[in-house]
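J.: Encoded as structure tokens, here's the structure I'll be asking about.
The values are calculated or read from the model by the stated rules, or taken from the named source; none is laboratory data. What you see is a predicted model, and the numbers here were worked out from it, not measured in a lab. As a convention, Cβ positions derive from the backbone with ideal geometry for all residues, glycine included, and neighbour counts pool all protein chains shown. With ligands, DNA and RNA removed, areas are computed over all heavy atoms of the protein, side chains included. Shrake-Rupley method; radii C 1.70, N 1.55, O 1.52, S 1.80 Å.
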Amino acid sequence: MERTRRAAGRGRLIGWALLGAVVVALLTVGIVRDRGAESSQDRADDVARRIACPVCDGESVFESRNNASEAIRAAIDERVTAGRQSDDQIISYIESRFGGQLLLVPRATGIDAVVWAVPAGALVVALAALALTFRRWSAQPRAAPTESDRDLVAAAMDDP
Amino acid sequence: MLAASLNGTIGRAGLLLVLAATVSGALSTAYAIRKGDARMSSQSRWYALLALLGAVVAVAMMQRALITRDFELAYVQQVGSDSTPRIYNIAAMWSALEGSILLWLIVLALLVGAVAWRYRARAGDPLVAWAMIVLLVVTAFFALLSFGPADPFAAGVPGRDFGRGPNPLLQNHILVLFHPPILYLGYVGITVPFAFAIAALVTGRVGEGWLAETRRWALLSWAFLTLGILLGGWWSYEVLGWSGVWAWDPVENASLLPWLTGTAYIHSVMVQERRGMLRVWNLSLLIATFALTILGTFLTRSGVLSSVHAFAAGSVGGYLLAFFGVIVVVSLGLIAWRGDRLRAPGLIDSPVSREGAFLANNVMFALFAFVVLLGTVFPLIVEALQDRQTIVGAPYFDRLSMPIGLVLLFLMAVAPALPWRKASGEVLGQRLYWPAWCGVGALAVAVAVGASGWAPLLAFGLGGFAAGAAGRQLVLATRRQGWRGLVGRTNGGMIVHLGIIIIAVALAASNSYTRSATLTLDVGTPASALGHTFELERIVETQDERARVVKAEVLLDGDRVYRPASTKYLQFGQDIGTPSVRTGVTKDVYLTLEPGSGVRGGDRDAVIRVFVKPLILWLWIGGGIVAFGTLLAAFPSSRRRRPTDPASAPVPVGRSEERVAAERAAGERPDTSRVGTDSDDVPAEELTGV
């Protein structure tokens, strides 16, 4: 009995190792063949998603259907098709041509960095708090039942 | 002030009735509790019914005013028009601020009425009486909003006898009839567990009794919130024309925030029910959930944040902010006051346990909510500090929510296999083995059909893993109990998990693998793109008194004609594109006619934008599964083990809601004829690790 259990355990261990290997292989295949945007239209969409529509509220150029956004989309399409600039260069160009703060992802400089730093800080604090809580719990001695606790249980057990 | 019309007069009388009934109901119930007069405090239900009556009258009058086009009311001048079709005229009630508050009021009044009726036999119980007071006070607040700053029955410009009708986006899809009321049922439903939480704090009965009372209310409002959010995504997909379901718009975020804290709550509450722990945390989550619904409403209805839902901005900001402040101060004060009773009796033995997983889940959901809140209000912070405009858009939220979502999927996979108290490596290795292979299978299928990129692949793999874990639990439960294994909290919950996993996978796929193309089509010349052929057959134009509609008839894959349209609503002068979608099991083909391109009927060419989006259909299927699972989890919950029975004992059939009363009245013996086992329990053969 003990021996078969151990053998089963070993078999499972091999199974887990095999599983890990398969996962790594599959992920590698998937990551290696990822070449980003497949067509210039997809790349233009990716850029458009990062730019705010200048006249509407909180929509990206990609989402918005108004004329201003359509003009910006056309400008992006043109630059992307020309294929000489990187995404960031295209965005700076759009910002200079259409004016204003149009980038939808806050930059990681100045006060805008707060919006990135605070969630990271919150994660660290939350994990630390969780770890501390578990430590406090495991450090606490188990309370022994008092006489009145035992009476309570006894009374409850007698209750039909 | 004289009201504008008969509709206005009676409607305002209805609102006044709500206000009077709720205020006097709250006062008299409080007085009755003070005097210890159970008979008097049980009268709270009559006040609740009066308030409901008032709200029904107000809504009926608003609908009548809209139907009869009573342009003497300012609200009808704003959202009514002679040309609005009948169903959108009904929905016009919630297409602007005042009517939305009225919708909130009627939903709240219905819920308060339902609570009053449900607990009519126990209205003398201080816990129930205090909950009624809280509910009546919240209703009074919304009646006050409706009566004062957001008056739907205010008199309009005299002599004006026309209106523009609802915003064009709110009069071209049937979902506007369902999305807001269902979302509000979820939003407003949170008030009931919140009221019981406050009542528990006030009465000092902070044990597990109030949790049992409100479990179903919390679950059902969570389900309505989930469905409401999904229906909103569906509406966005079918109407807005950018082929997306979620834009991280402030109003969307305002509905997601309570969903996140509410989801954390319905998980962590199980730790308290089972182990008596996390009392303060659960109360805080519930209070946060309710407070966030008010804060979200403030952020989006006061005009401080702008969004595509801006049609509903107005002057209620100050009131909502003040109410939010009162909720936070009162709740925190009560928690501090009851601090001594809230100390948990139990301990968590090991982080690697069911309760440990619930805690990790809670941390992730709380972090998620924090990130969404931060991103939503960050423009306000920057504006206050530096006086400049910033926009925090979808890319920010996408980037941060993706890792959080992956961790949550991982927890979803591991947690159902973890036993309470403590897990050994051996047990975990055995229980997670087949679920993990399910994950590998999902990953392999994804790679085989050409998926790429680490984030979506991880999402598919972890989704498969989590689905395997949920499936394992369901298989074990049905093997033991037959179809009954599908009902109850744990197993219904696993079905909800399956629905959520389907939604997560569909979101990962549609966000990562949407392809698009812009085609200039000439009539009669087929063009191919993205693996499909498109042929423009003709462009037709129709016009009525409401709108001019230009439709492009496009033959897709030589098979069926789709008609993306561009509509100009004459009262608004705005072009609204209406997409046409071929829905499929694996992918949708989404066609839009670019509005504003000036295309007219009879033209020989048109610019068509095409999106090919995978797995969109599964978002809605997943939503249906979530709803079904919640029903299974919520209803057959009455069979509860008595706390003094050993875990292996058969579970008696009792009426859980009356459990407290039954235990007090010790004469009633539970019926043990129907024998079943708690689905949380581990069958013996698993413990031995065979």
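J.: Once the dipole of the protein assembly as shown is set up with Lys and Arg at +1 and Asp and Glu at -1 on Cβ about the Cα centre, which of B:Gly165, B:Leu347, B:Val589 lies farthest towards its positive end?
T.: Checking the options against the dipole of the protein assembly as shown, the answer is B:Leu347.
J.: Can you tell me which of B:365-374, B:326-335 comes out highest on packing, and rank the rest after it, using the mean Cβ neighbours within 10 Å?
T.: Details: B:365-374: 21.3, B:326-335: 15.6.
Output ranking for B:365-374, B:326-335: B:365-374, B:326-335.
J.: Note the count of lysine pairs whose C-alpha atoms are less than 29 angstrom apart in the protein assembly as shown, limited to pairs 8 or more residues apart or on different chains.
T.: Working: B:Lys551/B:Lys568; B:Lys551/B:Lys587; B:Lys551/B:Lys613; B:Lys568/B:Lys613; B:Lys587/B:Lys613.
Qualifying lysine pairs in the protein assembly as shown: 5.
J.: Under a 5 Å amide H to amide H cut-off, with H placed in plane at 1.01 Å, what residues pair with B:Ala529 once short-range neighbours are removed?
T.: The list, which skips near neighbours in sequence, is B:Phe534.
J.: In whole angstrom, how far apart do the alpha carbon centroids of region B:220-237 and region B:139-155 sit?
T.: Distance between centres, Cα-based: 26 Å.
J.: Per residue of B:189-199, how many C-beta atoms from partner chains lie within 10 Å of its own C-beta, taken as a mean?
T.: On the way: counts 0, 0, 0, 0, 0, 0, 0, 0, 0, 0, 0.
Taking the mean over all residues of the peptide, I get 0.
J.: How much accessible area does B:Trp620 have with a 1.4 Å probe, in Å² rounded to the nearest 10?
T.: Around 50 Å² of this residue is reachable by solvent.
J.: Further question on the same structure: Please state the relative contact order of region B:1-166 as a whole percent: Cα pairs under 8 Å, 6+ residues apart? Spell out each step's value before the answer.
T.: Values: 293 pairs, mean separation 63.4, N = 166.
Computed over region B:1-166, the figure is 38 percent.
J.: Per-residue Cβ counts within 10 Å, from other chains only, averaged over B:455-464: what number is that?
T.: 2
J.: Working with all protein chains in place, sort B:Leu135, B:Leu231 by solvent-accessible area computed with a 1.4 Å probe, largest first. Kindly include the intermediate steps, with their values, before the conclusion.
T.: Values: B:Leu135 0, B:Leu231 30 Å².
Result, largest first: B:Leu231, B:Leu135.
J.: Amide H of B:Ile576: which non-local residues (sequence gap of 5 or more, or other chain) have their own amide H closer than 5 Å, using H built in the peptide plane?
T.: B:Thr567, B:Lys568, B:Tyr569
J.: Let me ask another. In Å and on Cα atoms, what radius of gyration and Dmax does the protein assembly as shown show?
T.: Reported Rg and Dmax, both Å: 28.9, 94.
J.: Let me ask something else about it. What is the local net charge at B:Gln77, summed over the other residues whose Cβ is closer than 14 Å to its Cβ (Lys, Arg +1; Asp, Glu -1)? Walk me through the numbers before you get to the answer.
T.: Working: positive: B:Arg69, B:Arg160, B:Arg164; negative: B:Asp70, B:Glu72, B:Asp82, B:Glu98, B:Asp151, B:Asp161.
My count for the surroundings of B:Gln77 gives -3.
J.: How big is the Kirkwood radius of region B:10-61, worked out from every pair of different alpha carbons and given in Å to one decimal? All intermediate terms of the calculation are to be shown ahead of the outcome.
T.: On the way: mean 1/r = 0.0902 Å⁻¹.
About 11.1 Å for region B:10-61.
J.: Among B:Val76, B:Ile616, B:Asn362, whose Cα lies farthest out toward the positive end of the dipole of chain B, if unit charges sit on the beta carbon of Lys, Arg (+1) and Asp, Glu (-1)?
T.: Checked the options; the winner is B:Asn362.
J.: Convert each backbone phi in region B:493-507 into a coupling constant with the Karplus relation 6.51 cos²θ - 1.76 cosθ + 1.60 (shift: θ = phi - 60°), then list the ³J(HN,Hα) values in order as whole Hz, x for Gly and Pro.
T.: My calculation for region B:493-507 gives x, 5, 5, 4, 4, 4, x, 5, 4, 4, 5, 5, 5, 5, 5 Hz in order.
J.: Also, quick follow-up: Could you sort B:188-198, B:161-171 so that the peptide with the highest average Cβ count within 10 Å comes first and the rest follow in order? Don't skip to the end; give the middle numbers.
T.: Details: B:188-198: 27.1, B:161-171: 20.5.
Ranking, from highest mean packing down: B:188-198, B:161-171.
J.: Sticking with this one: Pop out the ³J(HN,Hα) list for region B:67-72 in order, Karplus 6.51 cos²θ - 1.76 cosθ + 1.60 with θ = phi - 60°, rounded to Hz; leave Gly and Pro as x.
T.: 5, 7, 6, 7, 6, 6
J.: From the P(r) of chain A, could you give the percentage of C-alpha pairs in the tail past 19 Å? Can you show the working numbers first?
T.: Working: 9701 of 12720 pairs.
It works out to 76 percent of all Cα pairs.
J.: For a bin width of 20 Å, list the pair-distance distribution of chain B built from all Cα-Cα distances, rounded to whole %.
T.: For chain B, the pair-distance distribution reads 16, 46, 32, 6, 0.
J.: From the Cα gyration tensor of region B:165-273, with a ≥ b ≥ c the square roots of its eigenvalues, which class applies: rounded if a/c is under 1.5, or else prolate if a/b is larger than b/c, or else oblate?
T.: Details: a/c = 3.28, a/b = 2.53, b/c = 1.30.
Prolate, because a/c is 1.5 or more and a/b exceeds b/c.
J.: How much accessible surface area, in Å² rounded to 10, belongs to the heavy atoms of B:His497 with a 1.4 Å probe?
T.: About 30 Å², rounded to the nearest 10.
J.: While we're here: Shape verdict for region B:174-378, please, from the Cα gyration tensor: rounded (a/c under 1.5), prolate (a/b greater than b/c) or oblate. Could you put the intermediate results ahead of the total?
T.: Numbers: a/c = 2.07, a/b = 1.62, b/c = 1.28.
Prolate.
J.: Which of the peptides A:7-14, B:277-284 is most tightly packed, and how do the rest follow, judged by the mean count of other Cβ atoms within 10 Å per residue? If you can, show how the numbers build up before the last one.
T.: Details: A:7-14: 11.4, B:277-284: 21.5.
Result, highest mean first: B:277-284, A:7-14.
J.: So for B:Glu426, B:Glu545, what's the accessible-area order with a 1.4 Å probe, most first?
T.: Working: B:Glu426 115, B:Glu545 135 Å².
From most exposed to least exposed: B:Glu545, B:Glu426.
J.: Per-residue mean of other chain beta-carbon atoms within 10 angstrom of the beta-carbon, peptide B:389-402?
T.: On the way: counts 3, 9, 14, 7, 15, 9, 9, 6, 2, 2, 2, 5, 0, 0.
Counting Cβ atoms of other protein chains within 10 Å of each residue's Cβ and averaging gives 6.
J.: Mind checking which of B:Gln543, B:Trp234, B:Ala131 is farthest towards the positive end of the protein assembly as shown's charge dipole, using Cβ charges of +1 (Lys, Arg) and -1 (Asp, Glu) about the Cα centre?
T.: The listed residue farthest towards the positive side: B:Ala131.
J.: Arrange the residues B:Ser401, A:Ser40 by how much accessible surface each exposes, largest first, with a 1.4 angstrom probe.
T.: On the way: B:Ser401 20, A:Ser40 65 Å².
Putting B:Ser401, A:Ser40 in descending order of accessible area: A:Ser40, B:Ser401.
J.: Checking the a/c ratio against 1.5 first, then a/b against b/c, what shape does the Cα gyration tensor give for region B:198-258?
T.: Working: a/c = 6.10, a/b = 3.01, b/c = 2.03.
Prolate.
J.: How big is the accessible area of B:Phe635 in square angstrom, nearest 10, if you roll a 1.4 angstrom probe over the protein chains?
T.: 90 Å²
J.: Here's something else I'd like to know. Summing -39500 (n - 2.57) over the DSSP H runs of n ≥ 4 in chain B and dividing by its residue number, what mean residue ellipticity at 222 nm do you reach, to the nearest 500 deg cm²/dmol?
T.: Details: 23 runs with 400 residues, N = 690.
After summing the helix terms and dividing by residue count, I get -19500 deg cm²/dmol.
J.: Taking H as built 1.01 Å from N, whose amide H comes closer than 5 Å to the amide H of B:Leu73, not counting residues under 5 places away?
T.: B:Gly156
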